[in-house]
Amino acid sequence: MMGVGAVKPDFKTMILTGFAGLVAGACSMAIGEFVSVYSQYDIEVAQIKRENAGDIEKEKLPNPMHAAAASVIAFFLGAVVPLLAAAPVKTYEVRVGVIVAAVTLALVMFGWLGAVLGKAPVVKLSARVLIGGWLAMAITYGLTRLFGSLGL
């Protein structure tokens, strides 16, 4: 939404693009995670077979479906925040501000949750997630604005 918002302030276009990004990103993340974890699973099974030819305890191995499901849920939750925040706002400048504010709050909350669940330092992890998210938004906005100004 920040990318499209950089070059086209139209409400409908921005919301539709946000929805398309949510669907495409969630699918991409889920499929990528599934392929990656399944590759890891295959390598571990092959290694176990080479080492001892014993029984494979499949419940101890990574589960590609669980990884894909976790990835799609995480992406959906992250992507739905700016979409829902921007939906009721008609004024372009206010909409962009609302998106940045909502995403900032969500990034802090996701960082906090990840830290608590992983028993990691809350401030450090939350700051890392927040700064990473801000960088992603700034890069997307800036590059799209640059390409848009070039007439691409």
Practice item. Write down, largest first, the equivalent ellipsoid semi-axes of segment 2-149 in whole Å, where each equals the square root of 5 times an eigenvalue of the alpha-carbon gyration tensor. Key: 37, 18, 13
Revision key, fill the gap. When the charge dipole of the chain is computed with +1 on Lys and Arg Cβ and -1 on Asp and Glu Cβ about the Cα centre, the Cα farthest towards its positive end, among 23, 89, 135, belongs to 89
Review point. In deg cm²/dmol and to the nearest 500, what is the mean residue ellipticity at 222 nm of the chain if only DSSP H runs of at least 4 residues count, each as -39500 (n - 2.57), divided by the residue total?
Key: -29500 deg cm²/dmol
Check your understanding: Do you know the relative contact order of the chain, to the nearest whole percent, from alpha carbon pairs under 8 angstrom that are 6+ apart?
Key -> 30 percent
Practice item. Enumerate the residues in segment 74-101 having an amide nitrogen under 13 Å from the point lying 7 Å beyond the Cα of residue 8 toward its Cβ. Key: none
Check your understanding: Put a dot 7 Å past each Cα toward the Cβ at residue 74 and residue 104; how far apart are the dots in nm?
Key -> 2.5 nm
Exercise for review: Would you mind computing, in nm to one decimal, how far apart the modelled labels at residue 65 and residue 112 are, each placed 7 Å from Cα along Cα→Cβ?
Suggested key: 3.5 nm
Check your understanding: Which pairs, out of 60/124; 90/119; 58/119, put more than 32 Å between their alpha-carbon atoms?
Key -> 90/119
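Every number here is computed from the coordinates shown, using simple stated rules; none is lab data. Keep in mind that this is a model prediction, so the values were computed, not measured. Reconstructed Cβ throughout: ideal geometry from the backbone, glycine too, with neighbour counts over all protein chains shown.
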